[in-house]
Amino acid sequence: MADVIFFDLDGTLVDHRSAVWETIGQIVRAAPNATAPPEELAALWWTLEARHMREYLAGQCSFAEHHRRRVRSFLPMLGEPVPESPGLLDAWISERYLTVFEEAWQCYPDVQPCLETLKRIPGGPRLAVLTNGDPHQQRAKLDRFGLLDYFEAVLTPTELGAAKPVAYAAACRWLRTDPVQAVNVGDMLESDVNAAALAGLTGVWLDRGIDFVTGEPSPTADETILRIEKLTDLPDRLPRTNA
């Protein structure tokens with residue numbers, strides 16, 4: 001059996017995409033001078049999030065600055081002026097975005113039953129979260145839903161000095177385990193499963209029926225991929241590791 005199971009967070013434990021859509025929808029509906037329909041502006045925000053998150057993960061800006069870059073591009077589309085002050089941009093993010101976004105977080109219903117079952121396995125694996133998100137925000141999500149105590153560690157680029165996929169090796173070192181004794185579970189086929197396998201871990205694809213990035217139906221996976229449709233399937237299908 002695996003020594004450690006790493007879980008992705010957004011799209012795996014918490015429904016990040018729905019929370020973003022709900023938040024931007026509320027913001028756009030409250031903007032009388034918006035320059036495009038709500039669905040177009042929501043799609044734009046999602047594109048900006050992906051673009052500037054990549055910049056943050058590449059070390060090109062801080063987490064706070066990646067938020068500011070989104071807002072600088074987005075406000076003109078709302079028909080609103082763009083403040084020059086970083087403090088005013090931070091206030092917009094806090095008051096207009098994060099307040100609604102955090103209220104919109106939802107934990108998938110299969111998460112806690114899965115974790116409870118894994119914790120009851122005699123001599124079972126250690127559990128950890130491995131996420132590219134901000135450590136404060138990601139821990140807040142886990143705390144909101146009473147999940148923190150299930151995990152030995154919550155690992156982000158802040159702790160590891162790198163994002164996934166480089167972070168897979170760093171996370172194994174952090175938990176003093178060999179990659180061949182580790183499993184990574186996530187909803188993104190390439191970055192959570194295939195990249196983990198290239199790093200020597202065993203990847204498990206949680207196929208929730210939607211592509212996290214595009215919102216389209218899930219991609220087609222090679223038949224060799226270990227695929228589950230809900231987390232409660234994981235304990236019974238927990239793979240033997242490569243060790």
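Take the eigenvalues of the Cα gyration tensor for the chain, scale each by 5, and report the square roots as semi-axes in whole Å, largest first. Provide the component values of the computation, followed by the final result.
Values: eigenvalues 230, 66, 54 Å².
For the chain, the semi-axes come out at 34, 18, 16 Å.
Take each of the peptides 5-12, 67-74, average the number of other beta-carbon atoms within 10 Å over its residues, and list them starting from the highest. Please report the intermediate quantities before stating the final value.
On the way: 5-12: 24.9, 67-74: 19.6.
Final packing ranking: 5-12, 67-74.
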Starting from 0 in steps of 5 Å, tell me what percent of the Cα-Cα pairs of region 1-76 lands in each bin.
3, 14, 19, 20, 18, 11, 7, 3, 2, 1, 1, 0
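Hey, any idea what % of the chain's accessible area is carbon plus sulfur with a 1.4 Å probe?
Details: 5850 of 11490 Å².
Percent of accessible area from carbon and sulfur atoms in the chain: 51.
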Largest-first ellipsoid semi-axes for region 37-92, taking √(5λ) over the Cα gyration tensor eigenvalues, angstrom:
19, 16, 6
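Given the peptides 123-129, 106-112, arrange them by the average over their residues of other C-beta atoms within 10 Å, most packed first. Walk me through the numbers before you get to the answer.
On the way: 123-129: 17.7, 106-112: 16.1.
Listed from highest to lowest mean packing, they are 123-129, 106-112.
For His136 and Ser73 in the same chain, what is the full-extension length gain: residue separation times 0.36 nm, less their Cα-Cα distance, in nm? Let's see the in-between values first.
Numbers: separation 63, 0.36 × 63 = 22.68 nm, distance 2.47 nm.
Length gained, His136 through Ser73: 20.2 nm.
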Per DSSP H run of n ≥ 4, the term is -39500 (n - 2.57); total these for the chain, divide by its residue number, and report the mean residue ellipticity at 222 nm rounded to 500 deg cm²/dmol.
-12000 deg cm²/dmol
About the Cα centre of region 62-217, what is the dipole size in debye to 20, counting +1 per Lys and Arg Cβ and -1 per Asp and Glu Cβ, all else neutral?
360 debye
Contact order relative to length for region 122-243, counting C-alpha pairs under 8 Å separated by 6 or more residues, stands in percent at 18 percent
Cα-based equivalent ellipsoid of region 74-151: semi-axis lengths in Å, sorted from largest, via gyration tensor:
37, 13, 9
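Taking only C-alpha pairs under 8 Å that are 6+ residues apart, what is the relative contact order of the chain in percent? Mind dumping the intermediate values first?
Details: 364 pairs, mean separation 60.9, N = 243.
Result for the chain is 25 percent.
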Of the GluC sites (Glu not before Pro) in region 64-130, those whose Cβ has at most 12 other Cβ within 10 Å and which sit in DSSP loop
Glu84
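Please calculate how many Å² of accessible area the chain carries per residue, with a 1.4 Å probe and no DNA, RNA or ligand atoms counted. Working shown, then result.
Values: 11490 Å² over 243 residues.
Heavy-atom SASA per residue in the chain reads 47 Å².
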Distance between region 144-195 and region 63-124 - C-alpha centres, whole angstrom:
20 Å
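The values are calculated or read from the model by the stated rules, or taken from the named source; none is laboratory data. Computed from a prediction, not measured in an experiment: that's the story for all the values here. Backbone-built Cβ (ideal geometry, glycine too); neighbour counts: all protein chains shown. The area values use the complete protein model at the heavy-atom level, side chains included, leaving out ligands, DNA and RNA. Shrake-Rupley method; radii C 1.70, N 1.55, O 1.52, S 1.80 Å.
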